[in-house]
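What follows is a short report on a single structure.
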Amino acid sequence: MAERASMADQGTQVSTGMKIVFIVGSLIVAALYFTWLDWALMNMQGLDYFYMFRK
Amino acid sequence: MATVTKQARKKIWALLALGTFTGLLLLPLFLSFPTGASGETAPAASPAKPVEKSRDVWYKNEGPVMGAPAPKTTDGPKDYPRYNFESRVLLWVGLQQHLYYGSFVLAVPIFCMIVEYLGVITKDKALSRKYDQLAYDFVKISLTAYSLTALLGGIVIFTFLTLYPTFFTYLSSIFRPVMATYALLFIAESGTLYIYYYGWDKMREGFLKWVHVSMSVILNVIGTVLMMLANSWIAFMQSPAGVDAEGRYLGNIWHVIHTTLWNPINVHRLLGNMAFGGGVVAAYAAYRFLTAKTDEERAHYDWMGYVAMFIGVCFLIPLPFAGYWLMREVYAYRQQMGITLMGGLLAWLFIIQAVMIGALFLTANYYLWQGMERMRGAERYQKYIKYMVFVLITCFIVWLTPHTIVMTPAELKAMGGQQHPVLGNYGVMSAKNGAINTIITTTVLSFIMYQRANKIPTVRWAPLGNAFLVGLFAMAFINIIWLAIYGYYIPANVRVGLSVPQVASTLSCLFIGVILNSFMLRGAKDTGPIAWGQISVRSQYALIMLATAFTWMMGLMGYIRSSVRLFWHVNEIMRDNSPWAFTHTIGFGANMISFNVLFFWVTILFVFWLGSLGIKKAPVTVPAGQKVPLPASSH
């Protein structure tokens with residue numbers, strides 16, 4: 001069990017609070033990235049990504 | 001007088017050989033530049049007789065008429081001589097077998113090049129030797145198959161000439177310089193392959209090894225060009241260019257080659273061949289694993305199967321995107337052709353294809369999960385597998401839901417329309433695009449889990465990296481599903497564009513996820529070596545299943561692509577007036593594909609057996625449970 005626990009710590013220790021901050025931050029960054037990607041790639045095709053919200 | 005050492009002489013000869021092959025490679029270009037193709041011998045230029053000009057059917061520019069019109073054939077012994085059998089079926093078998101073997105011998109040298117290069121750049125001598133041995137094993141498998149490919153090519157030409165002489169004469173009149181180039185390149189390919197194989201031991205060390213690796217690059221360049229030239233013929237038949245409406249050649253051979261579907265077919269075929277080649281080598285390794293007598297042999301073939309599967313799946317992942325591009329171009333070329341393919345006569349074959357693709361991804365995931373059993377520390381990830389199975393199965397069901405099905409009037413009435421009120425919603429592209437992208441992203445996740453199964457990252461930023469991976473995959477899944485749902489609420493012309501960001505989301509996970517994970521695993525702590533050979537027998541059957549599914553799908557997609565021309569030899573240019581210018585039933589087509597698959601596997605087993613008779617070198621075996629190098633940076 002102890003060995004399993006040491007595996008789970010992934011080699012480095014951070015507090016649970018910091019882990020939550022990292023995950024929330026990553027989710028925000030990823031959400032922004034994918035929204036930008038959707039908009040940019042639709043724009044590149046001459047299409048409006050926000051079509052439904054504008055009409 | 002300076003003494004030329006033996007080593008220096010070897011270097012000179014090696015450089016000369018390399019120069020010769022490069023020259024051979026470029027020779028067809030020089031030969032083809034000054035001459036254009038001409039269907040008929042062009043009359044001597046005379047100032048009194050103006051050159052007739054005509055308009056290209058695709059490029060729409062004007063060009064001098066340099067060939068005869070496409071012949072108007074009639075059903076009879078002149079245009080369609082025959083045995084007491086359907087000529088098209090004979091040609092179908094010959095072409096399919098030639099394609100299977102051609103794909104295999106095109107793909108395997110590419111693997112060989114990658115693995116040999118890995119061996120050269122690896123600093124550890126023992127690892128380097130193991131890579132080298134693996135590359136040698138790969139090329140050895142393909143060598144016998146190469147002869148059979150050439151033999152089958154000859155059979156195909158003779159079948160064409162004897163059963164479809166008029167059509168073949170027309171096609172060869174258009175593609176004369178391409179066919180000559182093809183033949184020259186084939187000679188160059190053969191020479192390079194044999195020297196590459198038989199020169200393996202002589203060019204084992206130092207500079208000569210680099211020459212040997214360079215030869216593999218040349219070999220693969222020639223092989224790829226050969227494939228592209230052959231593709232130009234089928235692309236021309238489907239979407240002709242460089243000729244006028246009567247089929248007369250207009251003097252620009254590049255237009256004839258570079259038809260609108262040529263590049264999508266090139267990319268799709270190259271990726272498909274690589275995935276197929278990986279599958280066949282993996283199946284070979286699985287067969288050897290299952291029949292192995294010692295743990296050492298099992299360990300070696302387990303590793304070989306993994307590497308082949310890994311390379312195959314790397315090319316399988318982008319394959320649906322290449323297919324999507326090809327279909328998009330087909331729709332752009334002739335909308336009716338696209339509808340015949342995906343919404344009409346051949347649509348049910350696409351449902352079968354969807355089942356096969358889903359089965360391929362499920363099997364690849366299953367193999368990776370089974371493979372984790374041989375790694376200590378992988379238990380951490382076992383608990384996630386059931387959720388991944390759920391996601392994969394759900395998406396698989398959506399992916400294969402048909403838009404409409406053939407029904408009796410009573411069934412139609414009972415269902416309340418042509419589409420099921422609930423399930424009908426999943427039979428549209430919006431849902432299917434979401435499903436396949438989710439399947440592929442889940443496969444990437446499985447691979448990342450596999451990569452880190454026996455590793456613990458030790459880099460300082462590991463917690464942040466892990467959090468970023470969680471964020472990336474979570475948001476990618478949400479984005480893919482959001483775009484799929486969004487597609488239901490916007491018009492078709494906007495909806496069709498959503499597939500591009502969906503694909504980009506999947507590819508982001510593939511590239512960012514795998515690269516980030518690889519960086520995180522640098523200097524990672526091992527939880528134990530990979531116990532090669534200690535894997536379930538089921539996993540090896542999964543490899544055989546992968547290879548069979550690849551083979552069946554290749555046959556199916558080839559049939560679909562060829563059938564879409566319907567009653568044309570060359571679409572809208574030369575009509576097929578033989579008695580077989582009809583589309584076969586789905587059942588007949590499926591039986592023919594199955595026959596071709598069975599025939600290929602029986603003959604390739606014979607080829608493998610034949611190859612094993614000439615074994616000169618004992619494989620560098622790996623003791624069971626010992627670490628073996630992998631192409632992925634993780635192991």
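The values are calculated or read from the model by the stated rules, or taken from the named source; none is laboratory data. Computed from a predicted model, the values in this text were never measured in an experiment. Glycine gets a Cβ as well: all are built from the backbone with ideal geometry, and neighbour counts include every protein chain shown.
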Every residue from the range B:123-182 that is among the hydroxyl-bearing types (Ser, Thr, Tyr) and over 30 Å from B:Ser239 (Cβ atoms) = B:Ser128, B:Tyr131, B:Tyr136, B:Ser142, B:Thr144, B:Tyr146, B:Ser147
query = Out of (1) more than 7 Å from chain A (Cβ to nearest Cβ); (2) among the hydroxyl-bearing types (Ser, Thr, Tyr); (3) in a loop (DSSP other than H, G, I, E, B), what's the single condition that is false for B:Thr458?
reply = (1)
remark   = B:Ser505 passes all but one of the listed conditions (1) modelled with pLDDT under 95; (2) polar (S, T, N, Q); (3) in a helix (DSSP H, G or I); the exception is number (1)
query = Restricting attention to the range B:259-272, does a residue exist that is in a helix (DSSP H, G or I), without any contact (Cβ under 8 Å) to a residue 60 or more places away in the chain, β-branched (Val, Ile, Thr) and within 20 Å of B:Leu510 (Cβ to Cβ)?
reply = yes
query = Just a yes or no: is a residue in the range B:63-82 touching a residue at least 40 places away in the same chain (Cβ under 8 Å), under 30 Å from B:Thr224 (Cβ atoms) and among the β-branched types (Val, Ile, Thr)?
reply = no
ask   = Pick from the range B:569-581 the residues that are of a type outside the set (Val, Ile, Thr) and under 25 Å from the mean Cα position of the chain (by Cα): which of them is surrounded by the most Cβ atoms within 10 Å (Cβ to Cβ)?
value = B:His569
request  = For the range B:466-507, name all the residues that are over 21 Å from B:Trp399 (Cα atoms), more than 7 Å from every other protein chain (Cβ to nearest Cβ) and surrounded by 19 or more Cβ atoms within 10 Å (Cβ to Cβ).
outcome  = B:Leu469
message = For the range A:13-36: of the residues being more than 8 Å from every other protein chain (Cβ to nearest Cβ) and not in a helix (DSSP H, G or I), which is modelled with the highest pLDDT?
response = A:Ser15
request  = Please go through the range B:232-256 and pick out each residue that is within 24 Å of the chain's Cα centre (by Cα), surrounded by fewer than 22 Cβ atoms within 10 Å (Cβ to Cβ) and of a type in the set (A, V, I, L, M).
outcome  = B:Ile234, B:Met237
query = Given the conditions (1) within 29 Å of the chain's Cα centre (by Cα); (2) on the phi < 0 side of the Ramachandran plot; (3) not in a helix (DSSP H, G or I); (4) not polar (S, T, N, Q), and given that B:Leu566 satisfies all but one, which numbered condition is not satisfied?
reply = (2)
key: Candidate set: the range A:37-55, residues that are surrounded by 12 or more Cβ atoms within 10 Å (Cβ to Cβ) and among the aliphatic types (A, V, I, L, M); chosen: the one modelled with the lowest pLDDT   = A:Met52
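Counting just the residues of the range B:582-604 that are without any contact (Cβ under 8 Å) to a residue 40 or more places away in the chain and surrounded by fewer than 17 Cβ atoms within 10 Å (Cβ to Cβ), which one comes out nearest to the chain's Cα centre (by Cα)? Explain how you work it out, then say what you get.
Step one: filter the range B:582-604 for residues without any contact (Cβ under 8 Å) to a residue 40 or more places away in the chain, giving B:582, B:584-585, B:587-588, B:591, B:598, B:602.
Next, from what is left, pick out any that are surrounded by fewer than 17 Cβ atoms within 10 Å (Cβ to Cβ): B:582, B:585, B:587-588, B:591, B:598, B:602.
On the way: B:Phe582: 28, B:Thr585: 26, B:Gly587: 25, B:Phe588: 25, B:Asn591: 22, B:Leu598: 19, B:Val602: 21 Å.
Within the range B:582-604, the match that is nearest to the chain's Cα centre (by Cα) is B:Leu598.
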inquiry  = Please determine whether any residue of the range B:279-297 is part of a helix (DSSP H, G or I) and without any contact (Cβ under 8 Å) to a residue 40 or more places away in the chain.
reply    = yes
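Can you pull out every residue in the range B:434-461 that is hydroxyl-bearing (Ser, Thr, Tyr), more than 16 Å from B:Tyr381 (Cβ to Cβ) and buried (at least 22 other Cβ atoms within 10 Å of the Cβ)?
B:Thr438, B:Thr441
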query = Which condition does B:Asn425 not pass, out of (1) surrounded by fewer than 18 Cβ atoms within 10 Å (Cβ to Cβ); (2) under 27 Å from the mean Cα position of the chain (by Cα), if it passes all the others?
reply = (2)
Any hit, the range B:198-209, residues being under 23 Å from the mean Cα position of the chain (by Cα), buried (at least 19 other Cβ atoms within 10 Å of the Cβ) and among the aliphatic types (A, V, I, L, M) = no
ask   = Would you pick out the residues in the range B:538-551 that are surrounded by fewer than 21 Cβ atoms within 10 Å (Cβ to Cβ) and either outside any helix (DSSP H, G or I) or aromatic (Phe, Trp, Tyr) (or both)?
value = B:Tyr541
request  = Tell me, yes or no, whether the range B:74-89 has at least one residue that is over 22 Å from B:Phe175 (Cβ atoms) and outside any loop (DSSP other than H, G, I, E, B).
outcome  = yes
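One line per residue, one yes/no per condition, for (1) crowded, with 19+ Cβ neighbours inside 10 Å; (2) closer than 23 Å to B:Val313 by Cα:
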residue: B:Trp92; (1), (2): yes, no
residue: B:Leu95; (1), (2): yes, no
residue: B:Pro109; (1), (2): yes, yes
residue: B:Tyr117; (1), (2): no, yes
residue: B:Tyr131; (1), (2): yes, yes
residue: B:Tyr170; (1), (2): yes, no
task = Sort out which residues of the range B:508-537 are more than 14 Å from chain A (Cβ to nearest Cβ) and crowded, with 21+ Cβ neighbours inside 10 Å, and write them in order of number.
result = B:Ile530, B:Trp532, B:Gly533, B:Ile535
request  = Using the structure shown, decide if B:Val139 is in contact with a Cys (Cβ under 6 Å, 6 or more places away or on another chain), in a helix (DSSP H, G or I) and buried (at least 19 other Cβ atoms within 10 Å of the Cβ).
outcome  = yes
